[in-house]
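Visitor: Dropping a structure here in structure tokens format, bear with me for questions.
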Amino acid sequence: MAISYFCVLIAAIIPLILAGYAKFSSKGYDNSSPREFLEKLQGRARRANFAQLNSFEAFPVFAVSVIVAHLSGVSQLQITILAVIFIFFRILYSIFYILDKHSLRSTVWFGGFFCVATLFVSAILHS
């Protein structure tokens, strides 16, 4: 249980790391108007910001899938494996997004989605 919950924590931290990269990899960061600053970014910093936004979007459904799987009695090993693979995919997703490897980014996004969907389907089957 602890490993999958730790994965939820990691998934919550990933967007913060990406936000830091986006903000501090470009000169002129102004904390008094961070959203304005982020809108003007270009290149890798801009893509890191987009990866951050997507990571915030992916977090709730992943967290809920882990919790629902636990509550439904899905095998702890299965939950742990899918949670760890999801984190692996999200890290790759972020790297591929920043490096503008769009095909690889989309492929690992689907991998992460598959992990979440499998957790939910497993929970349904165990209910």
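The values are calculated or read from the model by the stated rules, or taken from the named source; none is laboratory data. Please read all numbers here as calculations on a predicted model, not as lab measurements. As a convention, Cβ positions derive from the backbone with ideal geometry for all residues, glycine included, and neighbour counts pool all protein chains shown. Calculation scope for accessible area: heavy atoms of the full protein, side chains included, ligands and nucleic acids excluded. Shrake-Rupley method; radii C 1.70, N 1.55, O 1.52, S 1.80 Å.
Visitor: So what's the angle, to the nearest 10 degrees on a 0 to 90 scale, between helix 102-126 and the longest Cα principal axis of the chain?
Guide: Roughly 30 degrees between the two axes.
Visitor: With every protein chain kept in the model, how would you rank 9, 18 by accessible area, 1.4 Å probe, largest at the top?
Guide: The most accessible residue leads, giving 9, 18.
Visitor: Just how large is the dipole of the chain about the Cα centre, in debye to the nearest 20, putting +1 at every Lys and Arg Cβ and -1 at every Asp and Glu Cβ?
Guide: Result for the chain is approximately 360 debye, rounded to the nearest 20.
Visitor: Mind checking the full-extension length gain between residue 3 and residue 78? Use 0.36 nm per residue of separation minus the Cα-Cα distance, one decimal, nm.
Guide: Gain on extension, residue 3 to residue 78, equals 25.9 nm.
Visitor: Mind jotting down a quarter of the surface of the convex hull over the alpha carbons of the chain, in square nanometres, one decimal?
Guide: Orientation-averaged projected area of the Cα hull: 7.8 nm².
Visitor: Here is a further query. As I understand it, the value is the acute angle between the Cα axis of helix 76-98 and the longest principal axis of the Cα atoms of the chain; what does it come to in degrees, rounded to 10?
Guide: Roughly 20 degrees, rounded to the nearest 10.
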